[in-house]
1. All but one of (1) open to solvent by less than 10 Å² (accessible area, probe 1.4 Å); (2) modelled with pLDDT of 70 or more hold for LEU103; state the number of the condition that does not hold.
2. Given (1) at positive phi; (2) assigned to a helix (DSSP H, G or I), where does ALA159 come up short, assuming only one miss?
3. What number of residues in the stretch 170-218 are surrounded by 14 or more Cβ atoms within 10 Å (Cβ to Cβ) and either in contact with a Ser or Thr (Cβ under 9 Å, 6 or more places away or on another chain) or not in a helix (DSSP H, G or I) (or both)?
4. Condition (residue is of a type in the set (Gly, Ala, Ser) and open to solvent by 20 Å² or more (accessible area, probe 1.4 Å)) applied to the stretch 241-249: is it met by at least one residue?
5. Please work out if ALA95 is of a type in the set (Gly, Ala, Ser), in contact with a Phe, Trp or Tyr (Cβ under 6 Å, 6 or more places away or on another chain), at pLDDT below 75 and part of a helix (DSSP H, G or I).
6. Has the stretch 231-240 got any residue that is surrounded by fewer than 16 Cβ atoms within 10 Å (Cβ to Cβ) and free of Cβ contacts under 8 Å to residues at least 60 places away in the same chain?
7. Assuming LEU82 fulfils every condition listed in (1) under 25 Å from ILE254 (Cα atoms); (2) of a type outside the set (Gly, Ala, Ser); (3) assigned to a loop (DSSP other than H, G, I, E, B) apart from one, which condition is it?
8. Given (1) at pLDDT 90 or above; (2) within 30 Å of GLY255 (Cβ to Cβ), identify the lone condition not met by TRP124.
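The values are calculated or read from the model by the stated rules, or taken from the named source; none is laboratory data. Model, not experiment: these values are computed from the prediction. Note that each Cβ is placed from the backbone with ideal geometry, even for glycine, and that neighbours are counted across all protein chains shown. Side chains included, ligands, DNA and RNA excluded: accessible areas come from the protein's heavy atoms. Shrake-Rupley method; radii C 1.70, N 1.55, O 1.52, S 1.80 Å.
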Amino acid sequence: MHRHTAQAATVLLTALAPASWGTTYVVTTRLLPPGHPLFAGLMRALPAGLLALALTRVLPHGAWWWKTGVLGVLNIGAMPLLFVAAERLPGGVAATLGAAQPLLVAGLGLGLLHDRPTAWRLTWGVLGVLGVGLVVLGPRARLDAVGVLAGLGHTAMMAAGVVLTKRWGRPAGVGPLTLAGWQLTVGGLLLLPLTLAAEGVPQRIDAGAAGGYLWLGSMGGLIAYTLWFRGIGSLPVAASAPLVLLSPLVATVIGVAQGESLSLPQTLGFALALIALLAAQLAPGVRKNTAETKENLDAEGHDDRRARGHRDGRRPGGRRGESARTPGAGAVAEAGE
């Protein structure tokens, strides 16, 4: 019971990361100056990464220098692609592209983690994408080629980052805050020259934009990635990856709070995506618990049969005792199961 409670708490904390990322669309379109996706990615990554380094005072060592570089490029360096998609596509279309990440994680996990995707995982992954599509796509959905490619690129790089983060884990004695700080710093340093060369600093940053950058760098950056890397290290990859479905669902809830309404297909799609997310969390535990319960029942049942034999006055060599304690009976039943 304690283990299940701890895992549920881990899932909830990990879910805060994609939930906060679901606010990226409204923050980008409502608060940030347009035409500066690289600067937005820079402000989300570098200040948060440097703050984490100042707090932890731990640097990578050995092979973790290049591993941090790879993970920083995949998890953080691809961030401007998300802002490009958010600017050039309706938020719903960009969110639908991101919802395909669990399917990409399943495919990459097969090659890198030797984790064969189950029919359960693939089915709910497809249904999750379908549910998100029902919520956010409509006849007026505008598909911009650059935006679509940016959204797919961000989704693919994040999926690779999830799988490699799970494969490599963390160095001994290094916590998720330190790992997040390393990657945010690497991603920010990568974006710094690109931003200065291609975009520069926005001419005007008002109070709303400053608040938006602060939100993206804190809750959407350092806090979110710390919780995300902690969850990836603790949860099965099949359970953590579907949590990204929360991003478009949170974006939808924000839209409803701002006065938008959902049609019947959209409501059904929202429910389907939510069910797919929950099913991905419950399925692995059910299979594992069933196997453990079966093993425990087999062992306990053997002891119970022996105890009942003594209570009924059966002797080990008696006719009734022989029937109850035939060697291998439990093994035959287990093999048949």
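1. (1)
2. It is condition (1) that ALA159 fails.
3. Result for the stretch 170-218: 20.
4. The answer is no, given that none of the residues of the stretch 241-249 is of a type in the set (Gly, Ala, Ser) and open to solvent by 20 Å² or more (accessible area, probe 1.4 Å).
5. Judged against the criteria, ALA95 is not a match.
6. no
7. Status for LEU82: all satisfied but (3).
8. It fails just one condition, (1).
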